[in-house]
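The values are calculated or read from the model by the stated rules, or taken from the named source; none is laboratory data. Computed from a predicted structure; not experimentally measured. Cβ coordinates were reconstructed from backbone atoms using ideal geometry, including for glycine residues, and neighbour counts include every protein chain displayed.
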Amino acid sequence: MRYSKFFLPTLKEVPAEAEVISHKLLLRAGMIRKLASGLYSYLPLGLRSLRKVEKIIREEMDRAGAQEVLLPMVQPSELWKESGRWERYGKELLRFEDRHGRASCLGPTHEEVITDIVRKEIRSYRDLPLNLYQIQTKFRDEIRPRFGLMRSREFLMKDAYSFDVDDDALEKTYQVMYKAYCRIFERCGLDFRPVEADTGSIGGHASHEFMVMADTGEDQIACCTSCDYAANVELAPVIQSSNHQITKSPNHQITKVSTPGKRSVEEVTEFLGVSADCLVKTLIVIADDRPVAALIRGDHELNDVKLMRLLGVEGLNFADDATVRSVTGAPVGFAGPVGLSEGLKVVADQDVSILKNFVTGANEPDAHFTGVNWGRDVSMPEFADIRVITEGDPCPRCKGKIELKRGIEVGHIFKLGTKYSEVLGATFLDADGKKQLAVMGCYGIGVGRTVAAAIEQNHDENGIIFPIPIAPFEVIISLINVKDTVMSKAAEDLYNGLMAQGVEVLLDDRKERPGVKFKDADLLGIPLRIVVGKRLEEKNEVEIRSRVTGETISVIKNEAVKKVVEILQ
RNA sequence: CGGGACGUGGCUCAGUCUGGUAGAGCACAGCGUUCGGGACGCUGGGGUCGGAGGUUCAAAUCCUCUCGUCCCGACCA
């Protein structure tokens, strides 16, 4: 491709709308443009990267035995009513009526449609296993689209759905897909980690997320420093701690102390001269519609996913000031377990069960209790693991140490089981002629997000540093002086020579000054840059520079093609 | 949806507090000089100041409403 003919509008300055680095660079490098909130157009350069990721995904899906299909984006409400998700999915499901008044939606995911196909076409265990995938646009009417391609409303997703005869067969399929996912992200040149994950609204038993490691990632991952355990912090179980400095001391008297205006854990502990792990904070949350008190050690954090699971509810929010006041009798910051009304559900984290002589709010303004003890001062609540795992906690698998890292979720695989085959009636006859439910799995990859994550992980102050497999071009030739016929000829020869070798190359033949060409080349993140400049007339040499290392080598013009092909291997 | 910020040539922003004839840099067009890390000079084109009401002799500026964008929380590839 010739740069002078290529539609590639780069930006010198960062558009005001972009906050995160991938978003800024995608815009600056002329890869995407925004149409409206959460809606982006891919420009030619962006599309090239997107297509490369797609190609890798297709190859690995096909290798894993999945077959490509293409399902409709517009879907009838009837199917969604059958699965129960028309009511349950919430406002992310964009619903509308067609001209005949038929309720429809834009597909945010395709379990319903695929299961409908399978239930109509699959009769026998001989037809299974079956694994179908598509790469298609999804629409989710996100409450808050953000970060450019990271969370857009319309986005390109690879989604696969597997159907097996039983759990064992699903397990095998799941493993095959797990490996395929690893290969995909390896081939994309990304530093990633599969982590155990929550199943969320899709449902099912087991799942893994594939996280591209990046400090700017939205997800926190608990990783073991000794074994290969890694899990989303939402899910990572906490091993109950068995010892605590306070457990050996004798019981103190419960004492009400005045703590005027001291609400936060820091304020109270500093005021009373105790450490945060000797304080029990009482969080009033609204679970679905019911207030619940959650007791957590002062230095720990509530894990709302764990609490939601424990309570069996779908929604969890912190109570507002008025609710806290009516439930505890005190403003926010002074709640405690002592003397809470009988009717209020109380759940305590397991790690507060061994505490003695702890500090809590006194359920009245500007007052706390010290020396609180279980049994004597407060009846034992329900104890459970409801906190977020933290750095230094023991690994749930090997008792090694946990460290926290950040990642971007680019893929997610689930064992769905019979959740959808049951409600939609996807059955087959087994070898004994008995009707059985198909056992399903589903597997998603955010294609655009993968490109964004790659940038988030690979960039510097000058721009993108694309991994070679997903770079929009492998090589850019910076022709320093287009008016110099010798240089131009050399650049053309290189350009044609590289293309003949199947190398994807962008020839910067614009009438621009060298500085402009260098800046743009860096911004676009093309892995190799060949400079055809003054070394050509001096020594008949061109320079090959690596975008990653900045390392530059000079080679004789006629050997450049060979050298480039060699480096790209 | 709750909380916060912002809408001024294509882009980045100043001007708004304290009302008085819309500015800069970049980009764009022309000419000249330059030419290995986003050049310089001269000339030129381009803006209903997001929109609608209102206050005023006078509104980018003050008031009301509205639309849009971004950031922080719940969702998720």
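Taken over the stretch A:91-118, the residue count meeting the criterion of being surrounded by fewer than 22 Cβ atoms within 10 Å (Cβ to Cβ) and among the polar types (S, T, N, Q) is 2. Regarding A:Y443, is this residue over 17 Å from the mean Cα position of the chain (by Cα) and farther than 27 Å from A:V14 by Cα? Here the answer is no, as A:Y443 does not meet what is asked. Residues of the stretch A:179-205 that are under 30 Å from A:T427 (Cβ atoms), modelled with pLDDT of 95 or more and either surrounded by fewer than 16 Cβ atoms within 10 Å (Cβ to Cβ) or of a type in the set (D, E, K, R) (or both): A:K179 alone.
Given the structure, is A:T450 at pLDDT 95 or above, polar (S, T, N, Q) and over 32 Å from the mean Cα position of the chain (by Cα)? Talk me through it step by step, then tell me what you get.
Values: at pLDDT 95 or above: yes; polar (S, T, N, Q): yes; over 32 Å from the mean Cα position of the chain (by Cα): no.
When the stated conditions are applied, A:T450 does not pass them.
Can you tell me which residue in the stretch A:519-545 is surrounded by the fewest Cβ atoms within 10 Å (Cβ to Cβ), limited to those that are among the aliphatic types (A, V, I, L, M), more than 13 Å from A:I480 (Cα to Cα) and more than 9 Å from RNA strand B (Cβ to nearest atom)? Selected residue: A:I544. The number of residues in the stretch A:467-514 that are among the polar types (S, T, N, Q), in contact with a Phe, Trp or Tyr (Cβ under 7 Å, 6 or more places away or on another chain) and within 13 Å of A:V564 (Cβ to Cβ) comes to 0.
Of the residues making up the stretch A:137-153, those that are surrounded by 19 or more Cβ atoms within 10 Å (Cβ to Cβ) and on the phi < 0 side of the Ramachandran plot number 8. When A:S554 is tested against (1) part of a helix (DSSP H, G or I); (2) over 35 Å from the mean Cα position of the chain (by Cα); (3) within 13 Å of RNA strand B (Cβ to nearest atom); (4) not basic (K, R), exactly one condition is not met: (1).
For the stretch A:154-173, a residue qualifies if it is crowded, with 19+ Cβ neighbours inside 10 Å and small (G, A, S), and the qualifying residues are A:A160, A:S162. The single condition among (1) within 11 Å of RNA strand B (Cβ to nearest atom); (2) more than 25 Å from A:R187 (Cβ to Cβ); (3) surrounded by 18 or more Cβ atoms within 10 Å (Cβ to Cβ); (4) not aliphatic (A, V, I, L, M) that A:E461 does not meet is (3). Test A:I354 against the stated conditions and say whether it is closer than 30 Å to A:M177 by Cα and not in a strand (DSSP E or B). So A:I354 fails the test.
So which residues in the stretch A:72-96 are in a helix (DSSP H, G or I) and more than 16 Å from RNA strand B (Cβ to nearest atom), if there are any at all?
If we filter the stretch A:72-96 for residues that are in a helix (DSSP H, G or I), which is where we start, we get A:77-83, A:85-88.
Once the filter is applied, which keeps residues that are in a helix (DSSP H, G or I) and more than 16 Å from RNA strand B (Cβ to nearest atom), the stretch A:72-96 yields A:S77, A:E78, A:L79, A:K81, A:E82.
Can you find a residue that is aliphatic (A, V, I, L, M), modelled with pLDDT of 95 or more and not in a helix (DSSP H, G or I) anywhere in the stretch A:511-527? Explain how you work it out, then say what you get.
So in the stretch A:511-527, the residues aliphatic (A, V, I, L, M) come out as A:516, A:521, A:523-524, A:526.
Imposing the further condition that a residue be modelled with pLDDT of 95 or more reduces the set to A:516, A:521, A:523-524, A:526.
Going one step further and asking which of them are not in a helix (DSSP H, G or I), we end up with A:526.
Within the stretch A:511-527, one or more residues are aliphatic (A, V, I, L, M), modelled with pLDDT of 95 or more and not in a helix (DSSP H, G or I).
Within the stretch A:19-30, track down each residue that is outside any helix (DSSP H, G or I), more than 7 Å from RNA strand B (Cβ to nearest atom) and touching a strand residue (DSSP E or B) at 6+ places or on another chain (Cβ under 9 Å). The one that is outside any helix (DSSP H, G or I), more than 7 Å from RNA strand B (Cβ to nearest atom) and touching a strand residue (DSSP E or B) at 6+ places or on another chain (Cβ under 9 Å): A:A29.
Could you say which residue among A:V475, A:V532, A:V482 is in contact (Cβ under 8 Å) with a residue 40 or more places away in the chain and over 31 Å from the mean Cα position of the chain (by Cα)?
Numbers: A:V475 fails: over 31 Å from the mean Cα position of the chain (by Cα); A:V482 fails: in contact (Cβ under 8 Å) with a residue 40 or more places away in the chain.
None of the others qualify; the one that does is A:V532.
Looking only at residues of the stretch A:35-53 that are within 18 Å of A:A471 (Cα to Cα) and aliphatic (A, V, I, L, M), we find that the one that is farthest from RNA strand B (Cβ to nearest atom) is A:L47. Has the stretch A:64-84 got at least one residue that is hydrophobic (A, V, I, L, M, F, W, C) and farther than 24 Å from A:I135 by Cβ? No, the stretch A:64-84 has no match at all.
Evaluating A:L437 against the criteria (1) free of Cβ contacts under 8 Å to residues at least 24 places away in the same chain; (2) in contact with a helix residue (DSSP H, G or I) (Cβ under 8 Å, 6 or more places away or on another chain); (3) closer than 30 Å to A:T216 by Cβ leaves one unmet condition, (3).
Restricting to the stretch A:117-165, count the residues that are within 8 Å of RNA strand B (Cβ to nearest atom) and in a strand (DSSP E or B).
First, pick out the residues of the stretch A:117-165 that are within 8 Å of RNA strand B (Cβ to nearest atom): A:138, A:140, A:142-153, A:155-157, A:159.
Now narrow it down to the ones that are in a strand (DSSP E or B): A:138, A:146, A:151, A:155-157, A:159.
Total satisfying the criteria: 7.
Going through A:G417, A:G425, A:G411, A:G433 one at a time, which residue ends up being surrounded by fewer than 24 Cβ atoms within 10 Å (Cβ to Cβ) and closer than 15 Å to A:T199 by Cβ?
Values: A:G425 fails: closer than 15 Å to A:T199 by Cβ; A:G411 fails: surrounded by fewer than 24 Cβ atoms within 10 Å (Cβ to Cβ); A:G433 fails: closer than 15 Å to A:T199 by Cβ.
Answer to the check: A:G417.
If we keep just the residues of the stretch A:359-418 that are among the polar types (S, T, N, Q) and in a loop (DSSP other than H, G, I, E, B), which is farthest from A:R183 (Cα to Cα)? Can you show your working first?
Our first condition is that a residue be among the polar types (S, T, N, Q); within the stretch A:359-418, this holds for A:360, A:363, A:370, A:373, A:379, A:390, A:418.
Next, only the ones that are in a loop (DSSP other than H, G, I, E, B) stay: A:363, A:373, A:379, A:390, A:418.
Values: A:N363: 55, A:N373: 54, A:S379: 53, A:T390: 30, A:T418: 28 Å.
Ranking the candidates gives A:N363 first.
Restricting attention to the stretch A:338-370, the residues that are hydroxyl-bearing (S, T, Y), within 13 Å of A:P381 (Cα to Cα) and modelled with pLDDT of 90 or more total 0. Tell me, please, whether a residue that is outside any helix (DSSP H, G or I), under 23 Å from A:R119 (Cβ atoms) and either near RNA strand B (Cβ under 7 Å from one of its atoms) or among the β-branched types (V, I, T) (or both) can be found in the stretch A:187-198. Checked against the condition, which is being outside any helix (DSSP H, G or I), under 23 Å from A:R119 (Cβ atoms) and either near RNA strand B (Cβ under 7 Å from one of its atoms) or among the β-branched types (V, I, T) (or both), the stretch A:187-198 yields no hits at all. Taking the criterion of being within 11 Å of RNA strand B (Cβ to nearest atom), hydrophobic (A, V, I, L, M, F, W, C) and in contact with a Ser or Thr (Cβ under 9 Å, 6 or more places away or on another chain), the residues of the stretch A:465-508 that qualify are A:L479, A:V482.
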